[in-house]
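Structure first, commentary second.
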Amino acid sequence: MILKRGAVGETVKKLIEDLTRLGYAPDGLPGANFNADVAKAVLAFQSQHIGPNEIPLVLDGEVGPLTQWAIDVALGQIKAPSLPARAPILPGSAPKAGSKSGWNALQIAKQELANGAGEQGGDNAGPDVMRYHAVTGASKGDSWCASFVAYCFKEGNGGKAPYQPTAGARETLARFKAKGWDFNASVNNPPATGDIIVWYRGPRDGWMGHIGIVSDYRDGIVYTIEGNRGPYPSKVSAFSYTLGQIDKLLGFGRAVP
């Protein structure tokens with residue numbers, strides 16, 4: 001949920017009370033109305049606080065997950081974590097949202113991450129890369145991000161991926177789309193554990209792409225596990241992104257079941 005100008009009700013009233021407690025009281029008497037004075041107070045708060053990704057808040061005068069997180073931290077309602085440079089991978093049971101096959105794939109991705117899997121002996125090469133390529137039929141020297149995802153889905157689901165494996169990131173998204181499994185994520189429809197996330201590389205209408213698996217979504221931050229990102233020797237690694245600000249994003253996909 002995003003609170004912005006025009007919103008009214010108890011949630012807005014509480015926001016105004018919270019801002020006042022923190023020393024950012026809006027001018028006038030807005031009551032339970034998110035008016036221009038409330039937006040100005042939110043902007044003042046945003047200008048002096050950071051989000052859960054340790055990045056300064058976007059100055060938009062609206063209260064989404066990142067700004068609300070910062071308010072809660074400032075009020076002492078939640079503890080600000082000491083975040084590592086890359087996303088933590090948290091243990092847990094199958095998600096309430098998302099897909100079982102995606103969650104199963106994520107467990108394999110976590111294992112590969114823990115094992116330090118990735119390139120050896122050359123760019124897009126090595127025993128781990130060839131294990132992934134064996135699932136898609138790709139060759140040494142081919143990009144392996146999509147082969148890594150395909151491997152995780154196959155190994156995590158009894159040797160059978162829920163889609164036809166491919167070494168192409170864009171093609172993977174296209175195959176999800178053909179099944180009706182693609183979606184555009186938002187704060188009100190966030191990604192879930194085990195979803196795929198796909199980017200474009202080069203021109204948006206070109207052929208190059210990149211893909212990863214969503215490991216978590218919390219407080220407006222998308223956490224992922226990806227292969228073949230970065231210079232040689234690239235390893236399976238964890239990353240995090242702010243939802244709504246992911247550069248070169250093509251979309252998300254959620255396997256069924």
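The values are calculated or read from the model by the stated rules, or taken from the named source; none is laboratory data. Note that the coordinates shown come from a computational prediction; the quantities given were computed from them, not determined experimentally. All Cβ positions, glycine included, derive from the backbone under ideal geometry; neighbour counts span all protein chains shown.
List of remarks:
- Residue that is farthest from Ser240 (Cα to Cα) [pool: residues in region 16-34 that are buried (at least 18 other Cβ atoms within 10 Å of the Cβ) and not β-branched (Val, Ile, Thr)]: Pro30
- Top-ranked residue in region 76-130 [being within 25 Å of Phe176 (Cα to Cα) and loosely packed, with under 13 Cβ neighbours inside 10 Å; ranked as modelled with the lowest pLDDT]: Ser93
- Enumeration of residues in region 187-204 that are surrounded by 12 or more Cβ atoms within 10 Å (Cβ to Cβ) and either in contact with a strand residue (DSSP E or B) (Cβ under 9 Å, 6 or more places away or on another chain) or of a type in the set (S, T, N, Q) (or both): Pro190, Pro191, Ala192, Thr193, Gly194, Asp195, Ile196, Ile197, Val198, Trp199, Tyr200, Arg201
- Among residues of region 221-232, those that are at pLDDT 90 or above and either of a type outside the set (A, V, I, L, M, F, W, C) or under 14 Å from Leu249 (Cβ atoms) (or both), counted: 6
- When region 42-75 is limited to residues that are polar (S, T, N, Q) and surrounded by 15 or more Cβ atoms within 10 Å (Cβ to Cβ), the one that is nearest to Val12 (Cα to Cα) turns out to be Gln68.
- Qualifying residues in region 205-231 (those that are touching a strand residue (DSSP E or B) at 6+ places or on another chain (Cβ under 8 Å) and assigned to a loop (DSSP other than H, G, I, E, B)) - the one surrounded by the most Cβ atoms within 10 Å (Cβ to Cβ): Gly227
- Those residues of region 186-224 which are within 25 Å of Ile78 (Cβ to Cβ) and hydrophobic (A, V, I, L, M, F, W, C), in sequence order: Val187, Ala192, Val214, Ile221, Val222
- Any chance Tyr151 is in contact with a Lys or Arg (Cβ under 7 Å, 6 or more places away or on another chain), modelled with pLDDT of 95 or more and not in a loop (DSSP other than H, G, I, E, B): yes
- Qualifying residue in region 162-176 (condition: surrounded by fewer than 11 Cβ atoms within 10 Å (Cβ to Cβ) and in the same structural domain as Trp144 (by TED's automatic domain parsing)): no
- Selection from region 33-75 of residues that are modelled with pLDDT under 90 and part of a loop (DSSP other than H, G, I, E, B): Ser47, Gln48, His49, Gly51, Pro52, Asn53, Glu54, Ile55, Leu57, Val58, Leu59
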